[in-house]
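For reference, the structure discussed in these notes is given below.
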Amino acid sequence: MTEQMKSNGITRQEWMGLLARAPEDAMMPLWDRVAYHPSFKWLRRPEIGGVMVRGRAGAIGAPFNLGEMTVTRCSLALEDGTVGHGYVQGRSKSKAEAAALIDALMQTEAADRLTELVITPLKTQMQDTRKARAAKAAATKVEFFTLVRGED
């Protein structure tokens, strides 16, 4: 499977990004609903580290180091040889393991079921959270206008 492969209309890059950014308290209950948690062997056990986060002013300016962020990563292989990787924000080894299992299973015939039980609900939750945050910020927005005095 290539990085550009789609499963139910979502690319591997999209589902891995979703799993990486999702809050643990949103993702883990959805993963727990999945009845089948397959056996696997570790290629890289979960390990915690840091990455440098880079930014750009106005999304087009020169890149600069914004700061460091803690991440947890792991890699595993299912019994059929399918490899899954988990890279998640924070220090949760169990979330990284779940992300790696989901990644591996999304590359198999279980993808439809996982999309229904985990990916789509998680995507919806994160969109709703983003919309609520945007609405809250918009409520504090102040519109400035200027009256012009002068000659007509």
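The values are calculated or read from the model by the stated rules, or taken from the named source; none is laboratory data. Owing to the predicted nature of the structure, the values given are computational and were not obtained by experimental measurement. Glycine gets a Cβ as well: all are built from the backbone with ideal geometry, and neighbour counts include every protein chain shown. Only protein heavy atoms, including side chains, enter the accessible area calculation; ligands, DNA and RNA are left aside. Shrake-Rupley method; radii C 1.70, N 1.55, O 1.52, S 1.80 Å.
Of all residues in region 118-152, count the ones that are surrounded by fewer than 17 Cβ atoms within 10 Å (Cβ to Cβ) and in contact with a helix residue (DSSP H, G or I) (Cβ under 9 Å, 6 or more places away or on another chain).
Residues meeting the conditions: 5.
Does Met28 satisfy being under 24 Å from Arg130 (Cβ atoms) and in contact with a helix residue (DSSP H, G or I) (Cβ under 8 Å, 6 or more places away or on another chain)?
When the stated conditions are applied, Met28 passes them.
Looking at (1) open to solvent by less than 70 Å² (accessible area, probe 1.4 Å); (2) without any contact (Cβ under 8 Å) to a residue 60 or more places away in the chain; (3) within 13 Å of the chain's Cα centre (by Cα), which one does His85 not meet, given that it meets all the others?
Condition not satisfied by His85: (2).
Any chance region 14-33 includes a residue that's open to solvent by 40 Å² or more (accessible area, probe 1.4 Å), in a strand (DSSP E or B) and not basic (Lys, Arg)? Lay out the reasoning, then the answer.
Keep residues of region 14-33 that are open to solvent by 40 Å² or more (accessible area, probe 1.4 Å), which gives 14, 16, 21, 23-25, 29, 32-33.
After this cut, where a residue has to be in a strand (DSSP E or B) as well, the list is none.
No, every residue in region 14-33 fails to be open to solvent by 40 Å² or more (accessible area, probe 1.4 Å), in a strand (DSSP E or B) and not basic (Lys, Arg).
Identify the single condition in (1) among the small types (Gly, Ala, Ser); (2) in a strand (DSSP E or B); (3) in contact (Cβ under 8 Å) with a residue 40 or more places away in the chain that Ala99 does not satisfy, given that it satisfies every other one.
Status for Ala99: all satisfied but (2).
Which of the residues spanning region 34-43 are at pLDDT 95 or above and surrounded by 13 or more Cβ atoms within 10 Å (Cβ to Cβ)?
Listed by number, the residues that qualify are Phe40, Leu43.
So that you can scan it fast, the table gives a plain yes or no per residue for (1) modelled with pLDDT of 95 or more; (2) touching a Leu at 6+ places or on another chain (Cβ under 9 Å); (3) hydrophobic (A, V, I, L, M, F, W, C):
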{"site": "Ala59", "(1), (2), (3)": "no, no, yes"}
{"site": "Pro63", "(1), (2), (3)": "no, no, no"}
{"site": "Asp80", "(1), (2), (3)": "yes, no, no"}
{"site": "His85", "(1), (2), (3)": "yes, yes, no"}
{"site": "Arg91", "(1), (2), (3)": "yes, no, no"}
{"site": "Ser94", "(1), (2), (3)": "yes, no, no"}
{"site": "Glu97", "(1), (2), (3)": "yes, yes, no"}
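What number of residues within region 65-91 satisfy the criterion of being touching a strand residue (DSSP E or B) at 6+ places or on another chain (Cβ under 6 Å), more than 16 Å from Gly17 (Cα to Cα) and not charged (D, E, K, R)?
Matching residues across region 65-91 total 7.
Could you check, for region 107-116, whether at least one of its residues is closer than 15 Å to Pro29 by Cβ and touching a helix residue (DSSP H, G or I) at 6+ places or on another chain (Cβ under 8 Å)?
Taking every residue of region 107-116 in turn, at least one turns out to be closer than 15 Å to Pro29 by Cβ and touching a helix residue (DSSP H, G or I) at 6+ places or on another chain (Cβ under 8 Å).
Looking at (1) touching a residue at least 60 places away in the same chain (Cβ under 8 Å); (2) over 23 Å from Lys123 (Cα atoms), which is the only condition Arg33 fails?
(2)
Only one of Arg91, Arg73, Arg113 is of a type outside the set (Asp, Glu), surrounded by 13 or more Cβ atoms within 10 Å (Cβ to Cβ) and in a loop (DSSP other than H, G, I, E, B); which?
Checking each option against the conditions leaves just Arg91.
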